[in-house]
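Structure first, commentary second.
Every read-out reported here was derived from the displayed coordinates using simple, explicitly stated rules and does not represent laboratory data. For clarity, every value in this text was computed on a predicted model and none was experimentally measured. Quick reminder, even Gly has a Cβ in these numbers, built from the backbone with ideal geometry, and neighbours come from all protein chains shown.
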Amino acid sequence: MKVSKASAYGLHALMYMVRHVTQLPATAETVAKAEGIPAQYLAKILQGLTRAGFIKLGQGRKNGYVFARPPEEVTLLQVLETLEGQSLFGDCPLRHCECGGTPENCCLFAQWVSVSRNIKKLFEETSIVTAAWNHPEHRFGVPPKRADTRNFRIETLLPGSQIRHEESSIPS
């Protein structure tokens, strides 16, 4: 299963709105800047989320987006399937083989069905609110803060499960 960049951006936009619910309405430009998403691309994604009934344009001077329904009732699965335009699960990952793609005649597909059923259940049970508050804030296009790597320890696995330790430092 792989979701598109548009779906990831849409999810992050909704999670931003949850985390900043007291500051809504939020414009596409505000969300885009905060999340590091191209503003024009996000505006198109937000239009799709508006058509699907997840968000709506707010009233007043700001004219940004607000939730059209309680975000606690919006699941990850609903948003992802809306943005992807199709079900995320069901097809065999090896679509082009000659087995016919049924769990009865392909053990790989049978495993895929089982795993995808569990993931789908998780996405059905996880609201945007739960995802927002249990996911670190993430900014697209901005690398994570770098750790101080001037002093570090290298461990090398040697044959026979022996570990060799080396202390190292990089001059500042």
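Protection proxy ranking, highest mean first, for peptides 32-40, 77-85: 77-85, 32-40, where packing is the per-residue count of other beta-carbon atoms within 10 Å, averaged.
Which value, in debye to the nearest 20, describes the size of the charge dipole of the range 5-133 about its Cα centre when Lys and Arg Cβ atoms bear +1, Asp and Glu Cβ atoms bear -1, and nothing else is charged?
Using only the charged Cβ atoms, the result is roughly 600 debye.
In this simple spin-label model, placing a label point 7 Å from the Cα along the Cα-to-Cβ direction at both residue 8 and residue 117 gives a separation of 3.0 nm. Each of 114, 127 was scored by other Cβ atoms within 10 Å of its Cβ. Listed from fewest to most, they are 114, 127. If you plug the beta carbon distance of residue 40 and residue 68 into 1/(1 + (r/R0)^6) with R0 = 25 Å, you get a FRET efficiency near 0.65. When each of 126, 27 is scored by the number of other beta-carbon atoms lying within 10 Å, the sequence from fewest to most is 126, 27.
Could you tell me which of rounded, prolate or oblate describes the range 5-133, using a ≥ b ≥ c as the square roots of the eigenvalues of the alpha-carbon gyration tensor, with rounded for a/c under 1.5 and, failing that, prolate when a/b is larger than b/c and oblate otherwise? Prolate, since a/c reaches 1.5 and a/b exceeds b/c.
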